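Only one structure is covered here, and it is reproduced in the block below.
Rule-based calculations on the coordinates, nothing more; no lab input. From a predicted model like this one, the values you see are computed outputs, not experimental measurements. Reconstructed Cβ throughout: ideal geometry from the backbone, glycine too, with neighbour counts over all protein chains shown.
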Amino acid sequence: MIRKRLLVVFPLLLLLLFSCRREEELTVLERLERIPGLTATAITPPSGFTQAFQVDLAQAIDHDAPQRGTFPQRFYLSYRGEDAPTVFYTSGYGISRNYESEPAALLQANQVLMVHRYFPDAVPAADDWSFLTIAQAAADQHEVRSRLAEILPGKWLSSGASKGGMTALYYRYHYPADVAATVAYVAPIMKQADDPRFAAFLGALGTTACRERIRRFQRQVLGRRTAMLALAQAHALDRGYAFTVFSVAEAFEYAVSEYPFAFWQYGSGDCGVIPAESASDQELFNHLVAVSPLSFYADADYSHYRPLFYQAYTEIGYCPYVVDGIRDLLLAVPEPSYRAFAPRGVELAFRPEVMGAVVPWLQQQGTRIVYIYGGNDPWTAAALHPAPGLDALQVVQPGANHNVKIRDLDQRGAVIAALERWLQIDIDETRLAGVAGAEGRERF
């Protein structure tokens, strides 16, 4: 009888012992799978990481009222080791694939790469935009940070570029204790829906001759309207662009109106690349769409970027079009506005009190933050300036555009020294060489 009992009890004891393995004996995937509401799948890690996972978290639609339900929000966890720091990198948009960010390479850190709510793989509620706020998005990050605290116990650094950099700053405002430091790349902080600082900034970029050449190019393509619209139609057909929200004529004028901004945002600043007035229609058109893509105004991009423009005209602000030099030639869109790209039929009431709270906090209390800007990037018109004496660092790299990185900075030594002090680690700046990243060309 005793032997029979042992035969029954012994396997149960083994099962109990196996299920009660110490936490440190579990694999990373097993530890992820133990987190409630989280689904993880092992994927091929980017170079330099030992493991990587695609993770979907059941995130609250409304963090102030969790009973409203959840939605699946995706992030990618790339793992180096439990003793490594962690970079929390936000795109501000969707994410097409996992990749290593510059801060993760520099710090030899683990990385959490996160999709922003309302973009693909993180849509809470179709056609209900009321939960798209910086507070809700920051709470998304806080939830991820809290869930991963035991798996990634080292110091955390938040980061992102452009809208992702803005997202990192808003997260820092709402949850200042979640991370030890922040690196915000090319992150404008607007104070109103159509921030007026951009016109003056654009009007001072480059030389007078360069700015005049830009204006003449705009006027030239608008003056060849019939030929340009024919080329635009052919271009749309060849690329498979659908234009049912905006007509091809409207898309063409929006592209021309945005040309100066786009020229400086992603260009080299060399006005010599602008075609001469003797250039053919095709040469002019090819240059226009290479600098200011027509695709931004096609149906697919309109749908993709609606969350951005909802945020722009309710909380985070945006830039206005600057068209004084071509206004008389605009026919399809005589008064271009970025409001046109927000969701249709949705109230857009800008709440100035949101940035009215964020901006002073960042300026006066936002310690251990690095702000990186490009001197030729128009978004630098809305650069955040920390108060004198605050333990934060702003660097503007002369001649750089919206793609500027730490590796491009004349003052990268100061940035690295600050990160070493804040994170209490030694950093080898040679790790910056060869970091590819994957930030595509976004609206900003």
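Across the options Gly206, Gly223, Phe261, the greatest Cα extent toward the positive end of the charge dipole of the chain (unit charges at beta carbon of Lys, Arg, Asp, Glu) belongs to Phe261.
Residue by residue, region 135-140 carries 3J(HN,Hα) couplings of 5, 5, 5, 5, 5, 4 Hz when phi is fed to the Karplus relation 6.51 cos²θ - 1.76 cosθ + 1.60 (θ = phi - 60°); x denotes Gly or Pro. Loop-resident chymotrypsin sites (Phe, Trp or Tyr not before Pro) (DSSP state other than H, G, I, E or B) in region 173-246 with no more than 10 further Cβ atoms inside 10 Å of their Cβ are absent. For region 326-346 versus region 212-289, the inter-centroid distance based on Cα atoms is 16 Å. You can think of it this way: the chain between Ala332 and Ala177 has 50.8 nm of extra reach, that is 0.36 nm per residue less the Cα-Cα gap. Per the Kirkwood formula on distinct C-alpha pairs, the Rh of region 197-341 is how many angstrom? Evaluated on region 197-341, it is 15.7 Å.
The charge dipole of the chain, taken about its Cα centre with unit charges on the Cβ atoms of Lys, Arg (+1), Asp and Glu (-1) only, comes to about 680 debye.
Restricting region 202-311 to GluC sites (Glu not before Pro) that sit in a DSSP loop and have at most 11 other Cβ atoms within 10 Å of their own Cβ leaves Glu277. In the chain, taking the dipole from charged Cβ atoms about the Cα centre, the farthest positive-side position among Ile61, Val289, Leu362 is held by Ile61. Judged by the mean number of other Cβ atoms found within 10 Å, the most tightly packed of the peptides 320-327, 66-73, 284-291, 309-316 leads the ranking 309-316, 284-291, 320-327, 66-73. Comparing Cα centroids, region 134-194 and region 401-428 end up 18 angstrom apart. Between Gln394 and Tyr371, the built amide H atoms are under 5 Å apart, and every one of these is 5 or more places off in sequence or on another chain. Straight-line cross-link reach from Lys155 at under 16 Å between alpha-carbon atoms covers these aspartates and glutamates, not counting any fewer than eight positions away in the same chain: Glu82, Asp83, Asp178, Glu420, Asp426. Where only DSSP H runs of four or more residues are counted, the chain gives -11500 deg cm²/dmol as its mean residue ellipticity at 222 nm, each run worth -39500 (n - 2.57). If R0 is taken as 22 Å, the Cβ-Cβ distance between Asp238 and Ser280 corresponds to a FRET efficiency of 0.80. For Lys191, which aspartates and glutamates qualify as cross-link partners when the Cα separation must be under 13 Å and same-chain residues fewer than eight apart are set aside? By straight Cα distance, Lys191 reaches Glu315, Glu353. Per-residue Karplus couplings for region 218-228, computed as 6.51 cos²θ - 1.76 cosθ + 1.60 with θ equal to phi - 60°, are listed in order as 4, 5, 5, 5, 5, x, 9, 3, 4, 5, 5 Hz, Gly and Pro entered as x.
Compactness of the chain was expressed as the Cα radius of gyration divided by 2.2 N^0.38 Å, which yields 1.11.
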